[in-house]
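Step one of this worksheet: look at the structure below.
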Amino acid sequence: MELTGWVKNYEWGKRGINSAVAQMAMANDPDFILNENETYAEMWMGTHFCGVSIVKETGETLDRVLKKDLPYLFKVLSIKKALSIQVHPNKCEAERLHKERPLIYKDDNHKPELSIALTPFLALVGFQPVEDIIDNIDEFEPLSKLIGKDAVHALHQNRNAEGVKECYEILMKSDETVVANCVKEIAKNYKKELKQDGLLDIFNTVNGDFPGDVGVLSLFFLNLVRLQPGQAIYLGANEIHAYLDGDCVECMACSDNVIRAGLTPKYKDVEQLIASVIFEGKPASCKLFMPYRIDDTVQVFVPPVDDFAVMHVALKHTVDTYKLQIQPYGSILLTLTGVRILRLNTKDGPKEITITRGNIVYIPVEAAPEIEFLHAEDCGDDFTAYIATYNYFRRA
Ligand SMILES: [Zn+2]
């Protein structure tokens, strides 16, 4: 079944044709009308009720046709303006939060996320090693003044996650005016230091989008991670993060549970964030999430949860036919480049569809144990696609 994704025009998205979401939506649907002034932030592929995919042939929603929901949600994101600093609760916390505050935490599921860059991608991921945080606090005096002598001294003495937690909690709970003044002072008097630390551009960008926000000062606590296209990050439960810039494909467990703490006009739940988040620091280089290679053509990203895994197919145009082994779970394929004929088994027998950039295909349970990518007449470039599926690799 060919699908049309659901496009979301949040204001943090990239504008017009610059957005990978807009590019994909146009390639997917000839009737899609691009508005150069509109922001295109997300395209959803799956059965989530806030943006369910449509089956092209019949116009029905995917959940109606499948008569069930998929355990994962697959997306394309195009980010121009920082997304909120956030963590996602684990399954246990999600169940409790949903029970206690159903209006804020709308379901009882966890929300692990895997993001794979389509363009150079910038994100904040996890806390920096404690020594780096100490260096930052010492270097930027307005910050150490805001946190206060006692907490800074304790951090110097103990040099551990507990000390980082104390400092970060003080920062997050500080009066907005005090925080805004601190940001202002650093912006004005610490350009040289910011530049030396490679933070000047991102400091100015984030401060421009959210002037004086506490999230700007989180740059001194969290790892700034730069991904090249094809590189990935995995955000498990309680891993603090914020996407800052770039395009990616993202796969996640089906949930809306976000605990926010900055760079957002939405509700901030600082208490819960401080209670949930992992303060243990690691260097930015540890944050890359590596796939494992099945063969010359396919790599798979296997997160430590059952809800989803993502395969990356990169098929050279010189290869005539490629057979991909799959398990009997519903999968969603998104084509990025090239042209191939996809042959697969369906309830109604074998089927062939030509797939090219923007094509989204639901691969049914009946397609197992293998689908074939056949040579297309005009195959041009190498063929690349991502396939989201249930994480059966974890047990293999
Ligand atoms: Zn997130």
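Between segment 226-257 and segment 125-154, what is the separation of their alpha carbon centroids in Å?
Centre-to-centre distance over Cα atoms comes out at 26 Å.
Please work out the C-alpha center-to-center distance from segment 1-41 to segment 358-389 and express it in whole Å.
Taking the Cα centre of each part, segment 1-41 and segment 358-389 sit 22 Å apart.
Using a simple charge model, +1 on the beta-carbon of Lys and Arg, -1 on the beta-carbon of Asp and Glu, nothing else, what dipole does the chain show about its Cα centre, in debye to the nearest 20?
220 debye
How about residue 351: which aspartates and glutamates have a C-alpha closer than 16 Å to its C-alpha, ignoring those fewer than 8 places off in the same chain?
Partners found: 2, 57, 366, 370, 372.
Given a cut-off of 26 Å, name the pairs among 80/111; 67/347; 184/266; 287/316; 81/188 whose C-alpha atoms lie farther apart than that in the structure shown.
As for pairs spanning more than 26 Å Cα to Cα, those are 287/316.
By a straight-distance test (C-alpha under 20 Å), which aspartates and glutamates pair with residue 14 as possible cross-link partners, with residues fewer than eight away in the same chain excluded?
29, 36, 38, 42, 201, 209, 245, 247, 250
Only bridges whose two residues both fall in segment 292-395 count here: according to DSSP, what percent of them are antiparallel, nearest 5?
Here the share of antiparallel DSSP bridges comes out near 100 percent.
Given the options 253, 41, 275, which has the most mean-square fluctuation in a GNM of the chain, springs set between C-alpha atoms less than 10 angstrom apart?
Taking springs between Cα atoms under 10 Å, the residue moving most is 275.
Sort 285, 174 so the one with the fewest other Cβ atoms within 10 Å of its own Cβ comes first.
On the way: 285 8, 174 17.
With the sparsest Cβ surroundings first, the list reads 285, 174.
Provide the convex hull volume over Cα atoms per residue for the chain, in Å³.
Spelled out: Cα convex hull of the chain, divided by residues, is 149 Å³.
What list of ³J(HN,Hα) values in whole Hz, one per residue of segment 86-98 in order, does the Karplus curve 6.51 cos²θ - 1.76 cosθ + 1.60 (θ = phi - 60°) give from phi, with Gly and Pro shown as x?
3J(HN,Hα) across segment 86-98, in whole Hz: 8, 9, 10, x, 6, 4, 5, 4, 4, 5, 5, 4, 5.
Per-residue ellipticity at 222 nm for the chain, helices alone: DSSP H runs ≥ 4 residues times -39500 (n - 2.57), over residue total, nearest 500 deg cm²/dmol?
Rounded to the nearest 500, the figure is -7500 deg cm²/dmol.
So what J values fall out for segment 192-199 if you push phi through Karplus, 6.51 cos²θ - 1.76 cosθ + 1.60 with θ = phi - 60°, rounded to Hz, Gly and Pro as x?
Working through the residues one at a time gives 4, 5, 4, 5, 4, 7, x, 10 Hz.
Could you tell me which of the pairs 165/268; 106/165; 99/268; 165/192; 173/268 are separated by over 21 angstrom between their Cα atoms in the structure shown?
Over 21 Å apart, Cα to Cα: 106/165; 165/192.
Any idea which of 385, 156, 367 is furthest toward the positive side of the dipole for the chain, if Lys and Arg beta-carbons carry +1 and Asp and Glu beta-carbons -1?
Final value for the positive-end residue is 156.
In segment 1-94, which trypsin sites (Lys or Arg not before Pro) fall in coil by DSSP and have 11 or fewer other Cβ atoms within 10 Å?
On the way: sites: 8, 14, 15, 56, 64, 67, 68, 75, 80, 81, 91; in loops: 56, 67, 68, 80, 81.
Within segment 1-94, the qualifying trypsin sites (Lys or Arg not before Pro) (loop, at most 11 other Cβ atoms within 10 Å) are 67, 68.
Starting with the fewest neighbours, write out 312, 156, 317 ranked by other beta-carbon atoms found within 10 Å of each beta-carbon.
Lowest to highest Cβ neighbour count: 156, 317, 312.
For segment 259-293 and segment 330-347, write down the distance between their C-alpha centroids in whole Å.
About 34 Å separates the Cα centre of segment 259-293 from the one of segment 330-347.
Against the longest principal axis of the chain, how steep is helix 176-189, in degrees 0 to 90 to the nearest 10, with axes from Cα atoms?
For helix 176-189, the angle is close to 90 degrees.
Return the sequence-ordered ³J(HN,Hα) values of segment 340-351 in whole Hz as given by the Karplus equation 6.51 cos²θ - 1.76 cosθ + 1.60 applied to θ = phi - 60°, using x for Gly and Pro.
Those phi angles translate into 8, 9, 8, 10, 8, 7, 10, 4, 9, x, x, 9 Hz.
No lab work stands behind these numbers, since they all come straight from the coordinates. Note that the coordinates shown come from a computational prediction; the quantities given were computed from them, not determined experimentally. Here the Cβ is made from the backbone with ideal geometry for all residues, glycine too, and neighbour counts use every protein chain on show.
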